[in-house]
1. Do you know which residues across the range 89-143 are closer than 21 Å to Gly77 by Cβ, of a type in the set (Asp, Glu) and open to solvent by 50 Å² or more (accessible area, probe 1.4 Å)?
2. Only residues that are closer than 18 Å to Ala182 by Cα and touching a Ser or Thr at 6+ places or on another chain (Cβ under 7 Å): list them for the range 1-59, please.
3. Consider Gly74 carefully, then state whether it is more than 14 Å from Thr176 (Cα to Cα), within 18 Å of the chain's Cα centre (by Cα) and modelled with pLDDT of 95 or more.
4. List every residue pair whose Cβ atoms sit under 9 Å apart, with the two residues 6 or more apart in sequence or on different chains, where the first one lies in the range 93-105 and is touching a residue at least 40 places away in the same chain (Cβ under 8 Å) and among the small types (Gly, Ala, Ser) and the second, anywhere, is surrounded by 17 or more Cβ atoms within 10 Å (Cβ to Cβ) and assigned to a strand (DSSP E or B).
5. If I filter the range 185-208 down to residues being free of Cβ contacts under 8 Å to residues at least 60 places away in the same chain and outside any helix (DSSP H, G or I), which single residue comes out as surrounded by the most Cβ atoms within 10 Å (Cβ to Cβ)?
6. Out of all the residues in the range 35-56, which are out of contact with any Asp or Glu (no Cβ under 8 Å at 6 or more places or on another chain), open to solvent by less than 50 Å² (accessible area, probe 1.4 Å) and outside any loop (DSSP other than H, G, I, E, B)?
7. Determine which member of the set Ala11, Ala21, Ala32 is of a type outside the set (D, E, K, R) and in a helix (DSSP H, G or I).
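The values are calculated or read from the model by the stated rules, or taken from the named source; none is laboratory data. Worth saying up front: this structure is predicted, and the values here are computed from it rather than measured. Here Cβ is always computed from backbone atoms with ideal geometry, including for glycine, and neighbour counts include all displayed protein chains. Accessible surface areas use protein heavy atoms only, side chains included; no ligands, DNA or RNA. Shrake-Rupley method; radii C 1.70, N 1.55, O 1.52, S 1.80 Å.
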Amino acid sequence: MTDFLKLRKSAPDGFFAAEAAGLWWLAEPGVASVVEVLEHGPDFLRLRRLRETGPDAEAAAAFGRALARLHDAGAPGFGWSPTPQSFFGPLDSPFEVPAESVDDFTDYWVEQRLRPLVTAVAGDLRGEDRATVASAIDAIASGAFAGICGEGKEAPARIHGDLWAGNLMWTPTGVTLIDPAAHGGHRLEDLALLGLFGTAHLDEIYSG
């Protein structure tokens, strides 16, 4: 078989169109390997099938360099999405997130991502967890993460947006990106997600 079919009959309107557009947008600069979109419709996405191999340190370092170039390709603004609708979450339970483009990372991350998310899951947060999240939001709202290591201000980066270990495919030609929530964001969004769920050869990716 030369293709891979993602199918969900009850997908939200625009869900697969957003994923296809995100893959095209990530592939556009030609600096990172991105799975090829063959076809999409309201309830499916057809992709070029990839042959998976095991993680490799050399491929990881090369991917790190490609990811840096992808981030440097930039985006029109923070929160900008290649489609009017933007989604995050697994195939069986995605949720829509704002796709409004703004100039300031702090406003975008606090108002478009964190506060809406906290509101959505408020019933699942215990008192201690709620206080921890509130403290983090206050720190981010102060501008602590507007740059990197307290230096300068980040320009909007072209990011994958859901770059956990399961969305890296290790192939004979290196790492290929799949399943994005692509948008204009802060490059540390991708790097943080890589570190969250035990990505193989993470030190080599960071070094690259």
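1. Once the filter is applied, which keeps residues that are closer than 21 Å to Gly77 by Cβ, of a type in the set (Asp, Glu) and open to solvent by 50 Å² or more (accessible area, probe 1.4 Å), the range 89-143 yields Glu96, Glu100, Asp103, Asp107, Glu111.
2. Gly14, Ala17, Ala18, Ala21, Ser33, Val34, Val35, listed by residue number.
3. In short, yes.
4. Here the result reads Ala99/Ser86; Ala99/His183; Ser101/Phe78; Ser101/Gly184, each pair linking the range 93-105 to a residue that is surrounded by 17 or more Cβ atoms within 10 Å (Cβ to Cβ) and assigned to a strand (DSSP E or B).
5. Here the answer is Thr199.
6. Once the filter is applied, which keeps residues that are out of contact with any Asp or Glu (no Cβ under 8 Å at 6 or more places or on another chain), open to solvent by less than 50 Å² (accessible area, probe 1.4 Å) and outside any loop (DSSP other than H, G, I, E, B), the range 35-56 yields Val37, Gly41, Phe44.
7. Ala21
Per-residue answers, yes or no, for (1) under 27 Å from Glu58 (Cα atoms); (2) at pLDDT 95 or above; (3) among the hydrophobic types (A, V, I, L, M, F, W, C):
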position: Tyr108; (1), (2), (3): no, no, no
position: Val121; (1), (2), (3): no, no, yes
position: Val133; (1), (2), (3): no, no, yes
position: Ala144; (1), (2), (3): no, no, yes
position: Gly147; (1), (2), (3): no, no, no
position: Arg158; (1), (2), (3): yes, yes, no
position: Ala165; (1), (2), (3): yes, yes, yes
position: Met169; (1), (2), (3): yes, yes, yes
position: Leu191; (1), (2), (3): yes, yes, yes
